[in-house]
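FYI, it's all coordinate maths here, none of it is from the lab. Please read these numbers as outputs of a predicted model, since none were measured by experiment. In this analysis, Cβ positions are derived from the backbone assuming ideal geometry, glycine residues included, and neighbour counts consider all displayed protein chains.
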Amino acid sequence: MANSPGDLDVIVPNLHRRYSGVTATNRMVAPRLAKLYRAAWFGSDAPEGIGRLGIADLLKLWRRRRPLIWHARRNNEMIAGVVLRAFGWPLKLVFTSAAQRHHSWITRWLIRRMDAIIATSDVSASFLKVAATVIPHGVDTEVYAPPMDRAAAFAESGLPGRHAIGCFGRVRAQKGTDLFVEAMCRLLPHYPDFTAVIVGQVTPEQMPFANDLKTRIEAANLQSRIVITGELPIEAVQRWYQRLTIYAFTSRNEGFGLTLIEAMAAGSALVAARAGAAELVVEDGVTGVLIPTGDADALAAALEPLMRDVAAATAMGERGRARVLASFSLDAEAARIAEVYRPLLSGDFRGAQTKTRKQPHAQ
């Protein structure tokens with residue numbers, strides 16, 4: 001690791017074997033935090049731009065005096081932080097929650113033992129039952145950016161038509177992939193210039209769901225125009241965003257929904273179900289169109305005008321990109337998190353209070 005263990009200010013744990021949306025958001029902001037504090041990543045899937053902390057390095061931090069942030073995003077990471085602190089590690093515990101649901105008793109118990117709580121939206125904060133700072137996720141606006149030539153970007157895919165409409169995320173009911181397929185089966189026969197692309201992993205337990213989608217697509221004779229790519233490397237996913245004219249966010253329930261701002265940053269017009277952070281991110285009718293969750297009729301009705309008028313879709317995408325630049329960049333997210341860290345890192349750990357302190361509400 002770049003810093004010696006004794007110099008660290010922040011540990012970013014990732015104690016989850018499978019790559020997930022939580023891992024993805026953590027990987028993006030961690031290198032920005034490493035520019036503001038001496039930080040290291042502990043666990044799998046470490047990104048570039050931040051040092052790595054091994055078990056041997058972690059052991060060297062036992063009983064040091066100066067406090068050290070342990071920033072958890074999952075229950076197991078909170079548990080690890082609570083246990084390490086109980087055994088003498090000088091940890092200040094921070095937890096970020098994106099969940100929009102009532103928490104289990106164990107999660108509530110763990111949350112009460114944190115020194116600071118961050119929520120990714122007001123809705124997420126409302127389920128926490130403790131004071132929290134609201135800090136929306138950010139996106140790398142240099143990586144997620146419009147292409148020089150969207151038509152050329154789509155043409156390189158080799159798919160039929162001239163425009164792409166996409167729905168990204170793991171293929172399952174919670175993500176509303178079935179709603180997207182239903183809407184596309186209705187609309188694509190009337191809009192031959194469009195091809196629909198579903199980018200996301202199909203896990204073994206979701207194979208029956210995915211097979212049912214393929215049966216529906218075949219029944220509509222749209223096998224060449226509704227494409228399920230499966231899991232792709234992140235660079236390929238980023239390129240797919242640049243090929244989209246329209247993005248459909250169809251989740252029935254969601255923590256934050258990072259694909260919202262990734263698609264907007266890439267300049268795609270957006271139709272979004274009111275899940276996750278959609279109502280925080282989207283200015284209805286300006287930077288996207290908001291619809292009810294779980295409603296294929298509303299999805300088709302909102303997508304159809306954008307498919308009919310590509311110029312209007314392009315203009316909406318440009319407004320969405322501007323909104324992300326103004327409010328949802330990674331640098332803005334990291335700066336707000338740094339403000340949460342700052343008071344926790346002052347003073348002598350052995351004399352510090354570990355009670356959760358009230359956080360100001362971020363604007």
Inset, instruction - Please give the helix 310-327 orientation as an angle from the longest Cα principal axis of the chain, in degrees from 0 to 90, rounded to the nearest 10. - result: 10 degrees
Inset, instruction - With a Förster radius of 22 Å, plug the Cβ-Cβ distance of E235 and R52 into 1/(1 + (r/R0)^6) and report the FRET value to the nearest 0.05. - result: 0.55
Inset, instruction - Based on other C-beta atoms within 10 Å, arrange S126, S268 from fewest to most. - result: S126, S268
Inset, instruction - Express in whole angstrom the spacing between the alpha-carbon centres of the range 1-69 and the range 129-150. - result: 21 Å
Inset, instruction - Could you work out how far helix 234-243 tilts from the main Cα principal axis of the chain, as a 0 to 90 degree angle to the nearest 10? - result: 40 degrees
Inset, instruction - Give a quick list of GluC sites (Glu not before Pro) in the range 169-259 that DSSP marks as loop, anything other than H, G, I, E or B, with at most 16 other Cβ atoms within 10 Å. - result: E231
Legend entry - Span from the the range 272-334 Cα centroid across to the the range 100-117 one, whole angstrom: 31 Å
Inset, instruction - Please build a GNM for the chain, connecting alpha carbons under 10 Å apart, and tell me which residue among M148, M264, M316 fluctuates the most. - result: M148
Inset, instruction - Would you mind ranking E48, E262 so that the residue whose beta carbon has the fewest other beta carbons within 10 Å leads the list? - result: E48, E262
Legend entry - Cβ-Cβ FRET estimate between R18 and D309, R0 fixed at 56 Å, reported to 0.05: 0.90
Legend entry - Most fluctuating residue given options L36, L91, L270, as computed from a GNM of the chain linking Cα atoms under 10 Å: L36
Inset, instruction - Mind giving me the nanometre distance, one decimal, between the label points for D122 and S157, set 7 Å out from Cα along Cα→Cβ? - result: 3.5 nm
Inset, instruction - Would you check the chain for Lys pairs whose C-alpha atoms are within less than 22 Å, ignoring same-chain pairs closer than 8 in sequence, and give me the count? - result: 8
Inset, instruction - Work through the residues other than R38 whose Cβ is under 12 Å from its Cβ and net out their charges, Lys, Arg +1 and Asp, Glu -1. - result: 0
Inset, instruction - Return the single residue from A56, A153, A312 with maximal mean-square fluctuation; model: Gaussian network over the chain, springs between Cα atoms under 10 Å. - result: A56
